[in-house]
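**Student:** Pasting in a structure now, in structure tokens, and then I'll have a few things to ask.
What follows draws every value from the coordinates through simple rules; no lab data is involved. Computed from a predicted structure; not experimentally measured. Cβ atoms come from the backbone with ideal geometry, glycine included; neighbour counts cover every protein chain shown.
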Amino acid sequence: MKKIILALSFVVSTVCFNQATAQCDTIANICAKHIISTFISDGQQYRALLLNSEETAEFHTTFFGETTYRIAACSGTNDGNLVFNIYDQDRHLLFTNRNQKNAPFWDFKVKSTLETIIEAQLDANKNPGSGCAVILIGFKQK
């Protein structure tokens, strides 16, 4: 009996994982439309499954000096469901899209190399329930 329950648990968890991965792949493809041809992807897809608007995903990245970047942030099939904040290492807020009606992307130039923390959270006012948060980063060639 224990073997049957264990096998059933494995099958259910595998199916759920595959569905979450497929959801994130779809959202990443939708989000990629914001990394337009003037930007080159950094090759990373920052992803997190958020179960509700109280959870926060945290990603760490480095932005290099004298470079122009675009951050794209998506969750779900419509823009504006994901709030993202960018902090320096001392947790000083550098940018939030909350003040920009949850804009799905932001362009900025970094004067000197900067270690950052990007936080992403589902917007409770949009009532997305749960979802995959995807952050993509592109940069302009000099």
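**Student:** Work out, step by step, the length gained on full extension between GLN141 and SER37: first 0.36 nm times the residue separation, then minus their alpha carbon distance; give nm to one decimal.
**Tutor:** Working: separation 104, 0.36 × 104 = 37.44 nm, distance 1.10 nm.
Result: 36.3 nm gained on full extension.
**Student:** In addition: To make sure I understand, if each residue's beta carbon is the centre and we count other beta carbons within 10 Å, what order do ARG98, ARG47 fall in, fewest to most?
**Tutor:** Details: ARG98 13, ARG47 20.
Lowest count first: ARG98, ARG47.
**Student:** What ranking of VAL134, VAL83 emerges when the number of other C-beta atoms within 10 Å of each C-beta is taken as an exposure proxy, fewest first?
**Tutor:** VAL83, VAL134
**Student:** Assign unit charges at the C-beta atoms only (+1 for Lys and Arg, -1 for Asp and Glu), then state the dipole size of the range 20-142 relative to its Cα centre in Debye, rounded to the nearest 20. Show your work: numbers first, answer last.
**Tutor:** Values: 11 positive and 13 negative charges, 92 e Å.
Around 440 debye, computed over the range 20-142.
**Student:** Kindly rank 48-55, 118-125 from highest to lowest mean number of other beta carbons found within 10 Å of each residue.
**Tutor:** Values: 48-55: 14.8, 118-125: 18.1.
Ranked by mean Cβ neighbours within 10 Å, highest first: 118-125, 48-55.
**Student:** Among ILE117, ILE27, rank each residue by its count of other Cβ atoms within 10 Å, from fewest to most, as a rough exposure measure.
**Tutor:** Details: ILE117 16, ILE27 22.
Least crowded to most crowded, the residues run ILE117, ILE27.
**Student:** Between ASN52 and ASP88, how high is the FRET efficiency from 1/(1 + (r/R0)^6) when r is the Cβ-Cβ distance and R₀ = 35 Å? Nearest 0.05. Before the final figure, lay out each step's value.
**Tutor:** Details: r = 28 Å, r/R0 = 0.79.
Computed FRET efficiency for ASN52 and ASP88: 0.80.
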